[in-house]
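These notes concern the structure reproduced below.
Only the coordinates and a few stated rules stand behind these numbers; no lab work does. Quick caveat, the model's predicted, so the values are computed rather than measured. Here the Cβ is made from the backbone with ideal geometry for all residues, glycine too, and neighbour counts use every protein chain on show.
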Amino acid sequence: MDQSKIRNVAIIAHVDHGKTTLVDQLFRQSGMFRDNQALTERLMDSMDLEKERGITIASKNGSYVYKDHLINIIDTPGHADFGGQVERVLRMADGALLLVDAQEGPMPQTYFVLKKALANSIPIIVVINKIDKPAARCEWAMDQVFDLLVKLNAPDHILDFPVVYASSKEGYALEQMGDDNKDMTPVSDKIIEFVPPPSGSPDAPLQMQVNTIDYSPYLGRMGIGKVVNGTLKINKDIAVAKRDGSIAPVRVTKIFTFAGNEKVAATSAGVGEIIAVAGLDDVTVGVTFTDSENPVPLPIIEIDPPTLSMNFIPNDSPFAGKEGKFVTSRHLEERLRKETLADVALGVAPLEDAVGYRVSGRGELHLSILIEKMRREGYEFQVTRPQVIMKTVEGKLLEPYEELTIDVDEQYQGAVIEKLGTLKGQMLEMSTRNTMSRLVYKMPTRGLLGFRAKFMTDTKGMGVMNYVFADYGPYAGDIINRQNGVLVSKDNCTTVAFALFNLQERGKMFLNPGIDVYRGQIVGENCRAGDMVVNPAKGKKLTNMRASGTDDAVILTPPAKMSLEDCIAYINDDELVEVTPKNIRLRKR
Ligand SMILES: Nc1nc2c(ncn2[C@@H]2O[C@H](COP(=O)(O)OP(=O)(O)OP(=O)(O)O)[C@@H](O)[C@H]2O)c(=O)[nH]1
Ligand SMILES: [Mg+2]
């Protein structure tokens, strides 16, 4: 591959600003698909969980050809919990497309990813996206990006950034607002013009660092990265420099390049090519493949430390072992170890005083995605309430803080401010535009656990909240995340409509009638503080009671549907979430 014709570009943005949709359009319009080929939307979001949730969880590589250039695209996740990946994959990129929603403007994660791109000194092309939205304000969004760059002390040549206006959804991009263009070519043109070709030397010793791990059922684990210098040939004796500094001989037997969203086998790869190395089971993020005679490892990739941990313990509920395929502590350990090989932001350590593992990560979403993946693979286990990871520096206890940005209609502002106050939030900024208020807070990560659900209720689902890790700060004192107690089942039984109907007065139910529950299982929320033991099976069986004509038609309020994330955010220290392939239950320890 002619080095001067390669362009390696990462797409970075706040969550949902349209990165994956943009990649879709670039691929589609490159003509690489047959006309009649059935394509799914957001092709690069290939994991089931990504499709279901409409978010990107793992960054992905792909490529397309435009005007005889090979454009390697790296799609990145926008959610803050996966921000560490963005930092790592930027090492493959020689330029970045910064997407900004034309209505929302730059958001907290825009700031985070932009800072990382600037640290890599790569050129930035700004794409103001979603210009088709009726509330789009393109010039405003662009000015905001400029202000952000100034705030980040960007050098002058970056402040002069090229801009494209786009609707990735509708598949067009414009060099100037008001232009009449019907395709995405302005984006590709800017990439060729402003992203430099990769700069390494084919004659220097080989250097290829693994920046991400991918897995396929056919090829197993793959390490993905860019050939920075030299040439990587298959079946040749080379060396691998590990994270701990050791260097070992190795032979790479399979390499793949990217064509569209597929992988194509190759026998060698030259400078600037982005490749996947397969066939090595223990390849991890951060290793460098290098020359065995003349090893030159690339600098170690620093990984942001985890801020949140949970204990994963074997299931010991009365229903243990009934629904899962993998239930023992051995199973848990093996699976968690396997995950740490692919996900370097994850920490796993055995518990000292009990059976189980302490799993630490970058946030609630990061950990809950892992739990959901394991559950679907057939694992059954229990998790404890997430704890933030504290630090002691010079005798002072420190805890993680986040910067929280909230956009709500003015009418809900009071309720939100009041709640954030009780959760130890400190307001940094407040502004109102039309009837929308923007509030910026700094607050302990602890205060945010479980906050999203309350926020959604308080704002009738109309508020938008985003947060990114800010730094460690002084311990903020006690925070009470949940005011209410719970309703706990007295016995092993099957829930009965009549009983649930009576319990409705006491609180909010979590279950429908006809569900098997056990002693100690949480069946609802008490409307006051303190827990209450209840009998969700008490009362008439609907089948044999039709006498009075009034009570055979009990009207139940539908139970509060709680997702896995909701459950994790909900529980207290003396409670557990029991996770099985079939059910998610809450219980008292
Ligand atoms: N109106 C409009 N909607 C868009 C546009 N581009 C993307 N969207 C929508 O925005 C939503 C998010 O799009 P994605 O492409 O998944 O965003 P993303 O940046 O990849 O999101 P993450 O990977 O989770 O950070 C989807 O519902 C898209 O259909 C656009 O140009 N206009
Ligand atoms: Mg995406």
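Worth a mention:
- Inter-part distance where the range 322-370 and the range 386-408 are each reduced to a Cα centre, Å: 23
- Positive minus negative residues near Thr307 (Lys, Arg vs Asp, Glu; Cβ under 14 Å): -3
- Close amide H pairs (under 5 Å, H built 1.01 Å from N) link Asn229 with Gln207, residues at least 5 positions away or on another chain.
- HN-Hα J in Hz across the range 514-528 - Karplus 6.51, -1.76, 1.60, θ = phi - 60°, x for Gly and Pro: x, 9, 6, 10, 10, 4, x, 6, 7, 10, x, 10, 5, 6, 10
- Measuring r between the beta carbons of Asn294 and Ala259 and using R0 = 25 Å, the FRET efficiency lands at 0.20.
- Highest average packing first - 156-168, 382-394, Cβ atoms within 10 Å: 156-168, 382-394
- When only Cα pairs below 8 angstrom with a gap of at least 6 residues are kept, the range 221-314 shows a relative contact order of 34 percent.
- For the chain, the alpha-carbon coordinates run over 86, 63, 58 Å along the three principal axes, in decreasing order.
- With a cut-off of 15 Å between beta carbons, the residues surrounding Val228 carry a summed charge of -1, where Lys and Arg count +1 and Asp and Glu -1.
- With the simple spin-label model, which puts each label point 7 Å out from Cα in the Cβ direction, the Arg433 to Asp566 separation comes to 3.2 nm.
- When only the Cβ of Lys, Arg, Asp and Glu is charged (+1, +1, -1, -1), the dipole of the chain relative to its Cα centre reaches about 1780 debye.
- Listed residue (Ser268, Met456, Val440) projecting farthest to the positive dipole end of the chain, Cβ model: Met456
- In loop segments of the range 152-202 as defined by DSSP, the trypsin sites (Lys or Arg not before Pro) with at most 13 further C-beta atoms inside 10 Å of their C-beta are Lys182.
- Distance-filtered residues of the range 1-30 - backbone nitrogen under 20 Å, label point 7 angstrom along Thr267 Cα→Cβ: 1-3
- Pairs with C-alpha atoms separated by more than 28 Å, drawn from the list Lys115/Lys460; Lys263/Lys338; Lys338/Lys396, are Lys115/Lys460; Lys338/Lys396.
- Using 0.36 nm per residue and subtracting the Cα-Cα separation, the extra length available between Leu159 and Glu52 on full extension is 34.7 nm.
- The range 324-352 residues near the modelled Asp316 label - backbone nitrogen below 13 Å, point 7 Å along Cα→Cβ: 329
- Summed residue charge, Cβ within 15 Å of Glu410's Cβ, Lys/Arg positive, Asp/Glu negative: -1
- Shape box of the range 36-193 [Cα atoms, principal axes, largest first, Å]: 44, 38, 36
- Highest average packing first - 101-113, 241-253, Cβ atoms within 10 Å: 101-113, 241-253
- With the simple spin-label model, which puts each label point 7 Å out from Cα in the Cβ direction, the Thr328 to Glu41 separation comes to 4.6 nm.
- Under 5 Å, built H, 5+ apart or other chain: amide partners of Thr212: Ile224
- Of the peptides 554-561, 468-475, the ranking by mean beta-carbon count within 10 Å, highest at the top, reads 468-475, 554-561.
- Under-5 Å amide H pairs with Ala266, H placed in peptide plane, nonlocal only: Ile255, Phe256, Thr257
- Between Ala204 and Glu139, the contour length at 0.36 nm per residue exceeds the alpha carbon distance by 18.9 nm.
- Residue by residue, the range 166-178 carries 3J(HN,Hα) couplings of 9, 10, 5, 5, 8, x, 9, 9, 10, 6, 10, 4, x Hz when phi is fed to the Karplus relation 6.51 cos²θ - 1.76 cosθ + 1.60 (θ = phi - 60°); x denotes Gly or Pro.
- Antiparallel bridges, percent of DSSP beta bridges restricted to the chain (to nearest 5): 80
- Inter-label distance for Val150 and Lys582, nm, one decimal - labels placed 7 Å from Cα along Cα-to-Cβ: 6.2
- For the chain: relative contact order, % (alpha-carbon pairs under 8 angstrom, 6 or more apart): 10
- For the range 493-507, the Karplus equation 6.51 cos²θ - 1.76 cosθ + 1.60, evaluated at θ = phi - 60°, returns couplings of 6, 10, 5, 10, 4, 4, 5, 4, 4, 5, 6, 3, 5, 8, x Hz by residue, with Gly and Pro reported as x.
- The residue among Val240, Ser59, Val517 whose Cα reaches farthest toward the positive pole of the charge dipole of the chain, with charges on the beta-carbon of Lys, Arg, Asp and Glu, is Val517.
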